[in-house]
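Working notes, structure below.
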C-alpha cells in the first residue's frame with residue numbers, strides 16, 4: 001500500500017480539489033497555535049500577525065478559554081433557546097455590565113450580528129420612531145466591510161463581493177467614510193433611521209478616521225432621531241488600545257473605566273475576539289428601549305446563546321482584564337508605528353503606516369492591481385511571520401494582544417529584513 005506524504009502541498013491540493021474556492025490563502029498549512037505563534041505541518045514556527053482577523057486577540061489556545069470550552073462541552077453543549085440553561089443568564093449579566101448596555105441578543109458570527117442590528121434598527125424605527133413601514137433607510141459608508149450575506153453585500157461597494165449576487169436588498173444609502181457633512185446632509189431625511197459604521201475600516205486597509213468623527217457622528221444621529229450603530233466585530237475588545245474603538249483616546253490604566261471619551265453606541269455589534277477565537281460567538285447589545293421591540297419568534301438562532309458560547313465569552317473577556325490587553329495594545333501599537341516609520345525612512349517600498357493600537361497597516365508603493373504586497377507577504381512567511389494583503393497594495397498587521405515588547409521587536413526585525421531584501 002502506497003504511503004501518502006502529508007506535507008503542506010498535500011493539504012493545499014486537498015482543499016483545492018474538494019473545497020469551494022471562496023478564499024485565496026497564503027501558501028502555509030497550520031496545525032498548531034500557542035500564544036503569538038503558529039506551526040505548520042512541517043513543524044516550522046511563525047509569528048501570527050493576522051490573529052484570524054482579530055479574533056485571536058487573547059492568543060492562540062489560551063488555557064483559560066480552552067478550559068472553559070472543554071468543561072462546558074463535557075457538561076452541556078446545546079439546548080437551543082427552546083429551554084433555559086444555567087450558563088446564558090450569567091453571561092448576559094456579565095457582558096451587559098462589561099459594555100454598559102442593558103440587554104444582549106446573542107448570535108454566532110459577525111455577519112449574523114450585523115444582520116441582527118439591521119433588523120433591530122428597522123423594527124425600532126417602525127414601532128418607536130413613527131416611520132412608515134418599509135420606508136426606513138440606514139446610512140452606511142463607502143469602503144465598508146460588514147460581512148457577505150445577501151443584505152450586507154447589497155450596500156457594499158466591493159465589486160468582487162457584490163457582482164452577480166443580485167437582486168439586492170434596498171433600504172440603505174452610502175456616504176464617504178469620515179465625512180461628517182455628508183452624514184448631516186442625509187440625516188435630514190426623516191426616513192433615515194440609523195448609521196451603521198466601523199470605527200476603523202479594517203478590511204479597507206485599516207482606514208482610521210479623524211479623531212472626532214465617531215463622536216460627531218453619534219451627535220448627528222441623536223440630533224436627528226437616528227440610532228448610532230457601531231460595528232466593533234474587528235475593532236472591539238482591546239484591539240485598538242481601548243476596550244472599544246469608540247472609546248476614543250483611552251487613558252484607562254488598570255481596567256476599562258469608560259471615561260469621558262467613550263462614545264456609547266445605541267447598538268453595539270461584537271464578534272471575533274468575544275470568544276478569543278475558540279468558538280463562534282457574536283452579540284448585539286442595546287438598551288431596553290431599543291431591545292424590547294424584539295418579541296418571541298421574531299429573531300433567533302439555534303446556536304445563539306448556547307452554554308459553551310456563554311462560558312467561553314466570559315473567560316475571553318476576563319482574560320482581557322486579567323492580562324491588561326488594552327494597555328498592552330496601546331503601548332505596543334505606539335512602538336510598532338514608530339518602528340515602521342523608521343523603516344519607511346530607509347525604503348521606497350512602503351509609503352506609510354497607519355492604525356491604532358495593534359490594528360495597523362502599511363501601504364505598499366505600487367498599484368492595488370499589482371502583486372507586490374502578496375509577494376512581500378510570501379517573503380515574510382519564508383522569514384517566519386504571517387500577514388496578508390488587503391485591497392491589493394495594503395498589508396494589515398494585527399498580532400495577538402498577548403505579544404510582548406521583545407516579541408514585537410523581533411517581528412519588526414523580520415519585517416525590516418524582508419523589506420530591505422525585497423528591494424534588492
> Which length gain, in nm to one decimal place, applies between residue 191 and residue 76 when the Cα-Cα distance is subtracted from 0.36 nm times their residue separation?
Replying inline: 36.9 nm
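Any chance you could tell me what percent of the C-alpha pair distances in region 328-424 go past 23 Å?
Working: 704 of 4656 pairs.
Value for region 328-424: 15 percent of Cα pairs lie more than 23 Å apart.
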> Between residue 406 and residue 157, what is the label-to-label distance in nm when each label sits 7 Å out along the Cα-to-Cβ direction?
Replying inline: 4.7 nm
> Taking the mean number of other Cβ atoms within 10 Å as a proxy for protection, how do you rank 222-230, 176-184 from highest to lowest?
Replying inline: 222-230, 176-184
>> Could you tell me the extents of region 20-133's C-alpha atoms along the three principal axes, largest first, rounded to whole Å?
In response: 60, 36, 29
> If we count other beta carbons within 10 Å of each Cβ, what is the order of 76, 196, fewest first?
Replying inline: 76, 196
> Hey, what angle do you get for helix 372-382 against the long axis of the chain, alpha-carbon based, 0 to 90 degrees rounded to 10?
Replying inline: 60 degrees
> Based on the Kirkwood radius over alpha-carbon pairs, what value in µm²/s does the Stokes-Einstein equation return for the translational diffusion coefficient of the chain at 4 °C and 1.567 mPa s?
Replying inline: 58 µm²/s
>> Run the numbers for residue 366 and residue 126: contour at 0.36 nm per residue of separation, minus the present Cα-Cα distance, in nm.
In response: 81.6 nm
>> I need the per residue convex hull volume for region 328-373, using only the alpha carbons, in cubic angstrom as a whole number.
In response: 61 Å³
> Going by how many other beta carbons lie within 10 Å of each one, how would you line up 126, 91, 98, fewest first?
Replying inline: 126, 98, 91
> Once you put a point 7 Å from the Cα of residue 318 and another 7 Å from the Cα of residue 298, both along the Cβ direction, what distance in nm separates them?
Replying inline: 3.5 nm
> What is the calculated FRET efficiency for residue 375 to residue 31, with r their C-beta to C-beta distance and R₀ = 30 Å, to the nearest 0.05?
Replying inline: 0.75
> Stretched out fully, how many nm does the piece from residue 164 to residue 83 gain, at 0.36 nm a residue minus the Cα gap?
Replying inline: 25.1 nm
> Which order results if 157, 48 are arranged by neighbouring Cβ count within 10 Å, fewest first?
Replying inline: 157, 48
>> Could you tell me the calculated FRET efficiency between residue 8 and residue 222, based on Cβ-Cβ distance and R0 = 56 angstrom, to the nearest 0.05?
In response: 0.60
> Sorted by packing (mean other beta-carbon atoms within 10 Å per residue), highest first, where do 324-330, 356-362, 407-413 land?
Replying inline: 356-362, 324-330, 407-413
>> If you fit an axis through the alpha-carbon atoms of helix 307-322 and take the longest principal axis of the Cα set of the chain, what angle between them do you get, 0 to 90°, nearest 10?
In response: 70 degrees
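Take the Cα atoms of region 138-239, build their convex hull, and give its volume per residue in Å³. Walk me through the numbers on the way to the answer.
On the way: hull volume 9.7 nm³, N = 102.
It comes to 95 Å³ per residue, whole-number rounded.
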> Taking region 75-135 as the region of interest, what is the percent of Cα-Cα pairs per 10 angstrom bin, listed from the shortest bin to the one with the maximum distance?
Replying inline: 17, 36, 34, 11, 1
>> Run lengths n ≥ 4 of DSSP H only: what is the helix-derived mean residue ellipticity at 222 nm for the chain, with -39500 (n - 2.57) per run over all residues, to the nearest 500?
In response: -11000 deg cm²/dmol
> Roughly what % of DSSP beta bridges within the chain run antiparallel, to the nearest 5?
Replying inline: 65 percent
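Defining a contact as two alpha carbons under 8 Å apart and six or more residues distant in sequence, what relative contact order in percent does the chain show?
After rounding, I find 22 percent.
All of the numbers you see were taken from the coordinates with simple rules; none came from a lab. Quantities reported herein were computed from a predicted structural model and do not represent experimental measurements. Here the Cβ is made from the backbone with ideal geometry for all residues, glycine too, and neighbour counts use every protein chain on show.
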